[in-house]
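Some notes on the structure that comes next.
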Amino acid sequence: MATLIIEIHVPFPSEPVVAEGEYPFPWIDVIEDFLGGLEEEGEIEVFDDGEEYGDAYVFFITGADERDLLAVASRTAKLDGVPPGVFAVVSDDEAGEWGLGRRVELPLS
């Protein structure tokens with residue numbers, strides 16, 4: 001039986017606004033810390049390390065039902081510093097590649 005996975009796609013901003021010498025994507029660490037904390041609490045499981053995929057950075061979560069995982073994805077989209085345009089893809093561990101499942105715009109109302 002396939003394992004439900006929610007892919008959280010965070011688009012890279014076209015021109016990150018940071019001071020010279022600063023890391024241009026600090027929101028990646030913010031999201032990893034947020035999801036890692038939820039994993040420690042047993043709310044979700046981080047399925048795999050985040051990965052750059054085209055013009056987005058993708059995070060993978062599992063370990064709960066679709067409604068709860070989408071709620072976590074929505075909370076992720078609302079974190080301080082996360083760029084706009086975040087969306088989720090409902091998929092599973094048997095998908096041939098990323099981004100092929102049902103797309104859900106975030107944050108949810």
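The values are calculated or read from the model by the stated rules, or taken from the named source; none is laboratory data. Bear in mind that the values here come from a model prediction, so they are computed numbers and not experimental data. Backbone-built Cβ (ideal geometry, glycine too); neighbour counts: all protein chains shown.
Below is a table of values for the structure above.
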item	result
When residues of segment 76-100 are limited to those that are charged (D, E, K, R) and touching a residue at least 40 places away in the same chain (Cβ under 8 Å), the one surrounded by the fewest Cβ atoms within 10 Å (Cβ to Cβ)	80
For residue 47: the one exception among (1) modelled with pLDDT of 95 or more; (2) over 10 Å from the mean Cα position of the chain (by Cα)	(1)
Sole exception among (1) touching a Phe, Trp or Tyr at 6+ places or on another chain (Cβ under 7 Å); (2) surrounded by 16 or more Cβ atoms within 10 Å (Cβ to Cβ); (3) part of a strand (DSSP E or B); (4) of a type outside the set (A, V, I, L, M) for residue 48, by number	(2)
Residue within segment 102-109 that is of a type in the set (Val, Ile, Thr), in a loop (DSSP other than H, G, I, E, B), over 18 Å from residue 44 (Cα atoms) and at pLDDT 90 or above present	no
Residue in segment 50-73 that is modelled with the highest pLDDT, counting only those that are under 16 Å from residue 100 (Cα atoms) and of a type in the set (Gly, Ala, Ser)	56
Extreme residue, nearest to residue 60 (Cα to Cα), among residues of segment 1-37 that are outside any strand (DSSP E or B) and either touching a residue at least 60 places away in the same chain (Cβ under 8 Å) or of a type in the set (Lys, Arg) (or both)	3
Lone unmet requirement of (1) buried (at least 19 other Cβ atoms within 10 Å of the Cβ); (2) touching a helix residue (DSSP H, G or I) at 6+ places or on another chain (Cβ under 9 Å) for residue 56	(2)
